[in-house]
Every structure is written in structure tokens, then in C-alpha cells.
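Each remark here refers to the structure printed beneath this line.
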Amino acid sequence: MPSAPEFVKIVEVGPRDGLQNEKELVPTSTKIRFINKLSHTGLKVVEATSFVSPKWVPQMGDNDEVMRSIERVPGVSYPVLTPNIEGFKNAIAAGAKEVAIFAAASESFSKRNINCTIEESLERFVPVMEAAKQEGVKVRGYVSCVLGCPYEGDIDPVAVADVANSLLQMGCYEISLGDTIGVGTPAKTVNMIQHVAKYVPIEQIAVHFHDTYGQAIANIFAALQLGVNVVDSAVAGLGGCPYAKGASGNVATEDVVYLMQGLGVETGVDMARLLAASSFISTALGRPVSSRAACALSAKGLPALDDVVFDEPPLYYQH
């Protein structure tokens, strides 16, 4: 069996993908504190917010204030989601240095989620990509429903590869493959990634799993064996999908870090600080931490999470 990579970049999506579907509006000050805590865990990427219309995603209506108020820690990227050129312009005005665009591998999901076909969605991104090139802004591409759709069921991996290749050819530096409803299994994950890797170099592929059926960690392990070294996750397992009934949150960042530690794979993440950030947002949302690793480690009597200091550089491996 191929060995896992020496280093895995974790893309923390909690502040955006994790919070966007919360029914109650999360105070802007809480979002800012949450992002600032994550910035001091050793994570290299913290997806901060989304520049979409507040009509469609009210939770992200404070995007400008969030971006202007967070602490920008050197070495940490703060990408934002920009579905169109208007969102891109607003993001740049607020100080964004990296953005993300998204398409689906399912026609039905695309029409329900963003009101257009896959082809139409890709056409909408052309002006965004052109503007990003002019501004020197990096663009990441997301593909939704890569292992299943709430309306169509199984998705042909060839369709996933086609969309991923389109995003790559448009200029995206990295393609994140998302199991939006969390139905994937390791075998299906391997098959899908192998199809995508025919067009997208493995080092430019990221994986993004929801944990609906408890398969996310197993799927990530399978992806690592293929050479994937970028994993999206959300602290405390935050998230869900409003267009996919029964879909649970993202795989918990704490669980991903625990997996990597067990494999001897470096992430640069300080687990104690990560647990503190997880505890903070879970308390703010009024719910228990859903990460199994976080619950187990906290029960073992780690230092009180409230005592973790965030204003000093963490002592961990720097990649």
C-alpha cells in the first residue's frame, strides 16, 4: 500500500461552510473571535466568509465587517467564496487575497442550489477568473456532489472529472472535491479520484467530506494513499447542506488531525489550541462538540481549554 504524504495541508472551512446554514444569526464578534482563534492553531488556511447576497445566505451578510476586522496572521490565508463578479469585487474591496468558486457535478443540484445548469455556472465564473488574474488573486475551485446527489443518486465519476477539468482549465490552482451529502465510501472515493486525476494533477486535488454515514475519515485515508495532501474540514464538525436532507456536518478538523498524528503525517496544527477553538464555537452555538477526537481528548484531562493562550506562537512543526 502506498505511504501517506509527509505533510497534509488542512483547509479549515468552519467559519464559512460550517456556519453558513446556522438558523440563528451568529454575532459578527463571535465569528471574528472564532477566526482569530483558528489563526493561532497552526492552520495555514482558514476560509473566512462568503460574498454572496444576504438574501440567499443571511448568515454571511456581515462578510465585509468580518474581513476588515479579523487578525491577519502571517503565513495564514483567508480565502472567501465568490459566486459572481459582484461578489468578487466586494471581496477584493474588503481585503481578500484569495477567493473560491464552486460548481456541481450534478445538474439537478446545480439548478436547485444556484439556479442554473453546470455549463451556465461555469460561464458565470469567466469574468471572475479574468478579474482575479488582473488582480493577482488566487482562485480555488469547488466541485459539489462528487459521490452522490440528493436528487440524482450516484454521480458518474466521468462527470466529476469533466467539471474539475473545466475549473482547472479556467485557472483554478486547486480543485476541492466535495462529498456534499456524505454518502461516499473508500472504494467509491478511490474510483472518483482516479478519474479526476486523469485531468487534474494529484497535487492540485483536495478532498472535502461530510460525515453523514461516518465514512469521512476512512475516505480521507483512502485519498491519502493516492497522494492527495490537501483536506478540507471544519472544527467541531460544523456544517450541513440546506439542499440535502439528512446531510450532517463536515468531517471534524480535530478528527482529521488525530488521524494524521496516528499516521505520522505533519499538519502544523496544535491540537490543544484547536480544541480550544472548537470548544469556543460550540459553546457560542449552544451545542456539544461533535468531534469524537475532541470529546475523547478532553475527557483525558488535558489542560483547561480556557487556559490556552492564543497570543503566543505555538510550538509545533513548521512546514
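The values are calculated or read from the model by the stated rules, or taken from the named source; none is laboratory data. In this text, all values refer to a predicted model and were calculated from it rather than measured experimentally. Counting neighbours? That spans all protein chains shown, and the Cβs are built from the backbone with ideal geometry, glycine included. SASA here: full protein model, heavy atoms, side chains in, ligands and nucleic acids out. Shrake-Rupley method; radii C 1.70, N 1.55, O 1.52, S 1.80 Å.
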Subject >> Matching label, Cα Rg over 2.2 N^0.38 Å computed from the structure shown, candidates (i) 0.98; (ii) 1.12; (iii) 0.92 >> reply: (iii)
Subject >> Using a Förster distance of 35 Å, the FRET efficiency for ILE202-ARG68 (Cβ separation, nearest 0.05) >> reply: 0.45
Subject >> Size of charge dipole - segment 1-90 - debye, nearest 20, with Cβ of Lys, Arg +1 and Asp, Glu -1, no other charges >> reply: 100 debye
Subject >> Ordering of 209-219, 67-77, 99-109 by packing [mean C-beta count within 10 Å, highest first] >> reply: 99-109, 209-219, 67-77
Subject >> Helical mean residue ellipticity (222 nm; -39500 (n - 2.57) per DSSP H run of 4+; nearest 500) of the chain >> reply: -11500 deg cm²/dmol
Original post:
What percent do you get for the relative contact order of segment 138-235 when only Cα pairs under 8 Å and 6+ apart count?
Top reply: 29 percent
**OP:** Would you work out which of LEU38, SER106, ALA159 lies farthest towards the positive end of the dipole of the chain? Charges go on Cβ: Lys and Arg +1, Asp and Glu -1.
**Re:** LEU38
Original post:
Ignoring ligands, DNA and RNA, what percent of the accessible area of the chain is carbon or sulfur (1.4 Å)?
Top reply: 51 percent
Subject >> Computed over the chain: relative contact order in percent, which uses C-alpha pairs under 8 Å that are six or more apart >> reply: 20 percent
**OP:** Please calculate how many Å² of accessible area segment 24-102 carries per residue, with a 1.4 Å probe and no DNA, RNA or ligand atoms counted.
**Re:** 41 Å²
**OP:** For segment 94-171, give the share of DSSP beta bridges that are antiparallel, in percent and rounded to the nearest 5; count only bridges with both residues there.
**Re:** 10 percent
Subject >> For segment 142-267: accessible area per residue (Å², 1.4 Å) >> reply: 34 Å²
**OP:** Return the subset of LYS9/LYS198; LYS55/LYS89; LYS133/LYS198; LYS55/LYS111; LYS9/LYS138; LYS44/LYS97 for which the Cα-Cα distance in this structure is over 20 Å, preserving the input order.
**Re:** LYS9/LYS198; LYS133/LYS198
